[in-house]
Amino acid sequence: KPSAHAVKREWKKMPVALWYARFCVLLRSLKPDMPADSVRAYFGEKVGFYFALLGFITLMMVPVAVVGIPTFITQQAVRDRDEHLRMGMDSLFSFLMVLWMSLLVYGWETKEWVLKERWGMQRLKERRGGSNVRPGFRGDSKRSPVDDSETEVFFPTWVQASRVAVGVGVIAVFVSASASISYGLAVVRTRWVREVDEAAEDYVRGEAGPPAETVSFFSIKSQAILFTSFLNILINMVFSMVVRNIVTARLAEWCNLKTQSAHDKLLFVSSFAVDFVVGFFP
């Protein structure tokens, strides 16, 4: 059995290239890549999907850690939440977390589809009706190139793409309008609060009369935070009811996507954009 001194001496003789190779092997071993194919071959598809999901979530936690560590350091160094650096980091982290959640959902859906194709489960899904034509899909009936005895509903792809682009543009206009209204209310709230505070300071110094006499619409401006917040909530509520429940649904139907899954994805993205602006924009 070699002694500890002999082992240490041999390690010192190890060339730099070998150290680098061992370091690369260590990094590869840290990659959270679950052997989903091997697990599926031994335990079945259900357990294989479970471990594939664990590996995917673990891998997706890496960008969260990359963004979260500097955010945590900033929060510990800057205790005042009103500081511009602290507000910027918190806002950036919140926005990235919302974006990360959507990427997590769509990323796993793509990986799940790839595993189903690899494991021969996609045809099974089609036999069960998972990829049937959407009932609301409209188009011209044509003979199927695969089986001449069946008819297939056809709608030009370029027309679908054009309608989707127009729908995305319409949603972007509504979202921008909502964000602009919220931003405008925030600016008005800041001006009113500053005007009342300056009038109060002038009154204390004896340079002007009471703020109730010098400030126009004092009863409203003195309650600027309450008034603008209530108005913003009311506008966002109406915006969400009209755009999210009516406009997005009509646009998704107008785009005339063939499968139900594609229709649901478009509707989800449009609704998510509206909810994000309404819920998170100041």
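Each value in this text was obtained by applying a stated rule to the coordinates, not by laboratory testing. The structure presented is a predicted model; accordingly, all values stated were derived computationally and were not measured. Virtual Cβ from ideal backbone geometry, glycine too; neighbours counted across all protein chains shown.
Just a few scattered comments:
- Modelled FRET efficiency - R0 22 Å, residue 194 with residue 233, Cβ distances, 0.05 increments: 0.45
- Where labels lie 7 Å past Cα in the beta-carbon direction, separation of residue 254 and residue 58 in nm: 4.8 nm
- Out-of-range pairs (alpha-carbon distance over 18 Å; input 46/265; 142/258; 46/116; 111/265): 46/265
- In range of the label at residue 133: residues from segment 243-268 whose backbone nitrogen is under 12 Å from the point 7 Å along Cα→Cβ: 258-259
- Förster radius 25 Å - calculated FRET efficiency between residue 261 and residue 119, Cβ distance, rounded to 0.05: 0.85
- On full extension, the segment bounded by residue 226 and residue 80 gains 50.2 nm, given 0.36 nm per residue less the C-alpha separation.
- Separation between Cα centres of segment 214-251 and segment 254-277, rounded to whole Å: 26 Å
- In order through segment 168-176: 3J(HN,Hα) via Karplus (6.51 cos²θ - 1.76 cosθ + 1.60), integer Hz, x for Gly, Pro: 5, x, 5, 4, 5, 5, 5, 5, 5
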